[in-house]
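Visitor: Let me give you the structure first, and then I'll get to my questions.
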Amino acid sequence: MLKMDVGGLQYILTNKRVLLVLDDVDDEDQLYALFGQQEWFFPGSKVIITTRLRTLINAGQVYQVYEPEKLSTDEALELFSRHAFGENKPIQGHKELSEMFVQHCEGLPLALQVLGSSVRRKSLDVWKSMLQKLQTLSDSKILEKLEISFDSLQDKHDKNVFLEIACFFVGKKKNDTITILDGTWENKSFSRESDYPQERSRIWRHKESFNILNEKDGTKKIEGLTFDLNVLKKDEFETAHRFGFSYEHPELRNSKVFFSPEYMPNGFPMDKLVALDMRYSNLKQVWSGAKVLGSLKMLNVSHSPKLAKTPDFSKIPYLEKLILKDCPSLIEIDESIVKLQRIFALNLKDCKNLRKLPRNINMVESLEELNISGCSRLMGAIEELKKMRSLRVLHADRMNINQLLTMEVESQASFWPWIPKPRKSIQMSLAELPSSLVHLSLAHCNLTDDAFPGDLSMLSKLQHFCLVGNPISTLPNCIKDLKGLQTLDLSWCPKLREILWPSIVIEELVVTECRKLEKITFETSASIKHISHGACMSLDYVECGYKILPVAKVDVELLNNIGFFNLDLMANVEAFIVNHIVWSRKKCPIQILYEYIVFSTYFPGREVPHWFSNKNAGSTLTFTITSSPRPCIQGVNLCLVYTVSEDIDWLPGPFHVKISNKSRDRETVYTPRCYGIPEAGGDMVWLSHWLPETLFKQGDEVEILFGLNVDGQIKECGVHLLYVEEEEEIFQYYKTIYCSWDSNMFGDVSVAGAHLRSPCV
């Protein structure tokens, strides 16, 4: 289970109903971390746990236990066939063999998947050979059956890759794994592993690693081991510290070591290391002097509270990634880092006492990623940053932005040359950041509206900009200059109230948890392909997206125009409304929502309004749009009366409606994202009005089907067509909607061959 901020987890669990899925749990402590704090969970939350260990499940804390059944013979054959042939059934000539494989897998999905993949595109001779090996095993030896799949790998290189990943890299980052493996293949060989740890090539159990080193019985076969001194008892630790690392491991290339001592043990075999991971150590110094480490590509000393200085980097020419995250005693970085011409990533996150970046770090032309987030005492970093023309990614979260942008320079020469020239501070601008940046994060930097420069056009390559948690009230005007921007993250900005999006096109705008944000509008030619606005409790308007208002604020003429007759008289009636658009649930006065081409509202009630022309006690309505002396359909009203038998707070919606135009072979399915929840024993009425241009015309045969997405009952449904007496009235209809609701919600509308744009503009 990943480590996480406990306070953040508690906030999420206590403030909203959640569905939490814990997959493949194998440690009792993981469960206790959650279920030892049951009061954190919001009432009605649900937790699903998957585990192979039944002993972890305490019946007193678990509502229901479900044991998955093994696949049936037919299901097993289908799964095997998908992996063996890419089809749902065996191809010609392989059915009998496939059924024999399936029989040996005993309905276990993993075995079916692995064995099916291992024989894919193989000859029948290979199939028969593998089947013979399976037949020699007893029914219970499933691991040996899976091992046959491993044996089917023809290339020794592939087998070694499999073993390396299985022993050392499960759950690790893909790019880091590739970097390490690329540097460790010289003279690699594969052989069947011994039952004795000291005879194996890979040792991933910490205790076995310690025993081998303690007893000095390691062999040259050992190519990789994982070793954690923190798990040892005191006497074992003292022994380990005394003997150091045995000289018998000269080929060690990938080492993940957790050190309790303050200095590296003598004899630690580093000459051929490709990656050295010493997170959570008590090291004060990694090593003294310059060490020749010609193979080292990754060095990670993160979370080392006593680390006061970095090593000399001058003899590590191939270092690519240096991670010094959360080293609070670190004050400065050794100046020899400028000699690293292959390093592309430097992580200094939360080095809270770091005072400055190395001088001339801009000379490291390979450096592409820099993380200085949380380096709260870092002074004048802009002086070095502005020269770094290769930098593509900069994380500078939780920084004092004024301190970051302050540069000290010498004043003019003094009259007396022997007196040192005084220095003065110059406040720089965000515009001084390197123009090469593609990703910039300035989260929680206390940036206000006036902190942004008037022009950011020099950051023309910027694609991802993160301003999470800053106290801005509007969108900074300089965003308009970022023509290459793809994503902008404004989540958790507590004062943000309004966004007027400039004339640029981006992929995604994130405003999650901006609880005071009220509306998002657009300039001409502006476009955002996706907006993430969860938990924006005040957001009731997104131009061309949706708008929601209390009935009391909606013009009565509009209500009558869309067939919501007398709804204004219910302005003080309240209902429980779930707004799935912004993740809110509250009891409030009746609301009117517009999204897509639909106006809708909810209110407590037990019947379809009396003026509906077509009603049904079931869930289906079928009718034909007959010829009428009235020339135009003004709109279509649908109504549903329903009740539910469960709490549905955070489901997408309790029901859906499907409108099928049989004559035109056209189908429309709609699930409201804002819906009412009936009180216990009560019913809820959904009333909607659909704009007419996309649904149907006279003579069409239509079927309307309502369906529930939760346990409940449909009591009644209805449909009513609104007509206009004169063709000109349709223009008045749209004019009322444009002027009374919002002209920007609807775009262009074509009616009876004419083109209509907002008459209010």
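The values are calculated or read from the model by the stated rules, or taken from the named source; none is laboratory data. Please read all numbers here as calculations on a predicted model, not as lab measurements. So basically every Cβ, Gly included, is an ideal-geometry build from the backbone, and we count neighbours across all protein chains shown. To get the accessible areas, we keep the full protein, side chains included, count just its heavy atoms, and leave off ligands, DNA and RNA. Shrake-Rupley method; radii C 1.70, N 1.55, O 1.52, S 1.80 Å.
Visitor: For region 287-330, enumerate the residues that are β-branched (Val, Ile, Thr) and either in a strand (DSSP E or B) or touching a Phe, Trp or Tyr at 6+ places or on another chain (Cβ under 9 Å) (or both).
Guide: Taking region 287-330 and keeping what is β-branched (Val, Ile, Thr), we get 292, 301, 310, 316, 323.
Across region 287-330, the qualifying residue is only ILE323.
Visitor: Moving on to the next point. Quick check on region 563-574. Is at least one of its residues modelled with pLDDT under 90 and buried (at least 17 other Cβ atoms within 10 Å of the Cβ)?
Guide: Yes: region 563-574 contains one or more residues that are modelled with pLDDT under 90 and buried (at least 17 other Cβ atoms within 10 Å of the Cβ).
Visitor: Every residue in region 118-128 that is closer than 16 Å to LYS95 by Cα and assigned to a helix (DSSP H, G or I), please.
Guide: Going through region 118-128, the residues closer than 16 Å to LYS95 by Cα turn out to be 119-128.
Those that are closer than 16 Å to LYS95 by Cα and assigned to a helix (DSSP H, G or I): LEU124, ASP125, VAL126, TRP127, LYS128.
Visitor: Just to be sure, is CYS544 assigned to a loop (DSSP other than H, G, I, E, B), under 21 Å from TYR596 (Cβ atoms) and either of a type in the set (D, E, K, R) or open to solvent by 60 Å² or more (accessible area, probe 1.4 Å) (or both)? Full working, then the answer.
Guide: Working: assigned to a loop (DSSP other than H, G, I, E, B): yes; under 21 Å from TYR596 (Cβ atoms): yes; either of a type in the set (D, E, K, R) or open to solvent by 60 Å² or more (accessible area, probe 1.4 Å) (or both): yes.
Judged against the criteria, CYS544 is a match.
Visitor: Got a sec? Which of PHE599, PHE565 is within 30 Å of GLN732 (Cβ to Cβ), over 38 Å from the mean Cα position of the chain (by Cα) and not β-branched (Val, Ile, Thr)?
Guide: On the way: PHE599 fails: over 38 Å from the mean Cα position of the chain (by Cα).
After ruling out the rest, the residue left standing is PHE565.
Visitor: Taking PHE599 as the residue in question, decide whether it is of a type in the set (Phe, Trp, Tyr), part of a strand (DSSP E or B), at pLDDT below 90 and outside the structural domain of LEU19 (by the TED database). Outline the logic, then answer.
Guide: Working: of a type in the set (Phe, Trp, Tyr): yes; part of a strand (DSSP E or B): yes; at pLDDT below 90: no; outside the structural domain of LEU19 (by the TED database): yes.
Considered against the rule, which asks whether it is of a type in the set (Phe, Trp, Tyr), part of a strand (DSSP E or B), at pLDDT below 90 and outside the structural domain of LEU19 (by the TED database), PHE599 comes out as no.
Visitor: Another question, then. Any residue at all in region 353-364 that is at pLDDT below 90 and part of a strand (DSSP E or B)?
Guide: no
Visitor: OK, next. I'd like the full set of residues that are surrounded by 10 or more Cβ atoms within 10 Å (Cβ to Cβ) and at pLDDT below 70, limited to region 45-71. First the steps, then the outcome.
Guide: Filtering region 45-71 down to residues surrounded by 10 or more Cβ atoms within 10 Å (Cβ to Cβ) leaves 45-51, 53, 56-58, 61-62, 70-71.
Across region 45-71, the qualifying residues are LEU56, ILE57, ASN58, GLN61, VAL62.
Visitor: When LEU593 is evaluated against the numbered criteria (1) open to solvent by less than 10 Å² (accessible area, probe 1.4 Å); (2) outside any strand (DSSP E or B), which criterion, by number, is the only one it fails?
Guide: (2)
Visitor: Among the residues of region 369-382, which ones are open to solvent by 60 Å² or more (accessible area, probe 1.4 Å) and not in a loop (DSSP other than H, G, I, E, B)?
Guide: Matches in region 369-382: GLU369 only.
Visitor: Please verify whether SER538 is in a loop (DSSP other than H, G, I, E, B) and at positive phi, treating the condition exactly as stated. Before you say what the answer is, go through the steps one by one.
Guide: Details: in a loop (DSSP other than H, G, I, E, B): yes; at positive phi: no.
The answer is no for SER538.
Visitor: Looking only at region 109-120, count how many residues are surrounded by fewer than 17 Cβ atoms within 10 Å (Cβ to Cβ) and under 14 Å from GLU75 (Cα atoms). Please lay out each step first, then the result.
Guide: Within region 109-120, the first condition is being surrounded by fewer than 17 Cβ atoms within 10 Å (Cβ to Cβ), and the residues that meet it are 109-110, 117, 120.
Now drop any that are not under 14 Å from GLU75 (Cα atoms), which leaves 109-110.
Number satisfying all stated conditions: 2.
Visitor: What about GLY618, is it assigned to a loop (DSSP other than H, G, I, E, B), farther than 20 Å from LEU500 by Cα, outside the structural domain of GLU508 (by the TED database) and open to solvent by less than 20 Å² (accessible area, probe 1.4 Å)?
Guide: Values: assigned to a loop (DSSP other than H, G, I, E, B): yes; farther than 20 Å from LEU500 by Cα: yes; outside the structural domain of GLU508 (by the TED database): yes; open to solvent by less than 20 Å² (accessible area, probe 1.4 Å): no.
The answer is no for GLY618.
Visitor: Going by what's in this entry, would LEU695 be described as modelled with pLDDT under 85 and touching a strand residue (DSSP E or B) at 6+ places or on another chain (Cβ under 8 Å)? If you could, list the steps in order and put the result at the bottom.
Guide: Numbers: modelled with pLDDT under 85: yes; touching a strand residue (DSSP E or B) at 6+ places or on another chain (Cβ under 8 Å): yes.
For LEU695, the condition - modelled with pLDDT under 85 and touching a strand residue (DSSP E or B) at 6+ places or on another chain (Cβ under 8 Å) - is met.
Visitor: Mind checking which residues of region 72-86 are under 32 Å from the mean Cα position of the chain (by Cα) and exposed (fewer than 14 other Cβ atoms within 10 Å of the Cβ)?
Guide: Answer for region 72-86, where residues must be under 32 Å from the mean Cα position of the chain (by Cα) and exposed (fewer than 14 other Cβ atoms within 10 Å of the Cβ): just GLY86.
Visitor: Can you give me the number of residues within region 701-716 that are farther than 20 Å from ARG673 by Cβ and buried (at least 16 other Cβ atoms within 10 Å of the Cβ)?
Guide: Initial filter on region 701-716 (farther than 20 Å from ARG673 by Cβ): 701-703, 711, 713, 715-716.
Narrowing the set further to residues that are buried (at least 16 other Cβ atoms within 10 Å of the Cβ) leaves 702, 715-716.
The qualifying residues number 3.
Visitor: Still on this model: Can you tell me which residue within region 551-562, out of those that are more than 17 Å from CYS674 (Cα to Cα) and touching a helix residue (DSSP H, G or I) at 6+ places or on another chain (Cβ under 7 Å), is most open to solvent (accessible area, probe 1.4 Å)? Before the answer, list the steps.
Guide: Of all residues in region 551-562, those more than 17 Å from CYS674 (Cα to Cα) come to 552-562.
Next cut, touching a helix residue (DSSP H, G or I) at 6+ places or on another chain (Cβ under 7 Å) only: 555-559, 561.
Details: ASP555: 68, VAL556: 66, GLU557: 102, LEU558: 2, LEU559: 1, ASN561: 31 Å².
Here the residue is GLU557.
Visitor: If you don't mind, another one. How about region 384-398: which of its residues are open to solvent by 10 Å² or more (accessible area, probe 1.4 Å) and either modelled with pLDDT of 90 or more or farther than 19 Å from ASP334 by Cβ (or both)?
Guide: Of all residues in region 384-398, those open to solvent by 10 Å² or more (accessible area, probe 1.4 Å) come to 384, 386-387, 389-390, 392-393, 395, 397-398.
Matches in region 384-398: LYS386, LYS387, ARG389, SER390, ARG392, VAL393, HIS395, ASP397, ARG398.
Visitor: Within region 87-108, track down each residue that is in contact with a helix residue (DSSP H, G or I) (Cβ under 7 Å, 6 or more places away or on another chain) and either open to solvent by less than 70 Å² (accessible area, probe 1.4 Å) or among the aliphatic types (A, V, I, L, M) (or both). So that I can check it myself, show each step before the final result.
Guide: If we filter region 87-108 for residues that are in contact with a helix residue (DSSP H, G or I) (Cβ under 7 Å, 6 or more places away or on another chain), which is where we start, we get 87-91, 97-102, 104-105, 107-108.
Passing the criteria: PRO90, ILE91, LEU97, SER98, MET100, PHE101, VAL102, HIS104, CYS105, GLY107, LEU108.
Visitor: Report yes if PRO604 is surrounded by 14 or more Cβ atoms within 10 Å (Cβ to Cβ) and at pLDDT below 90, otherwise no.
Guide: Values: surrounded by 14 or more Cβ atoms within 10 Å (Cβ to Cβ): yes; at pLDDT below 90: no.
No, not satisfied.
Visitor: Which condition breaks for LEU346 when tested against (1) part of a loop (DSSP other than H, G, I, E, B); (2) buried (at least 22 other Cβ atoms within 10 Å of the Cβ)?
Guide: (1)
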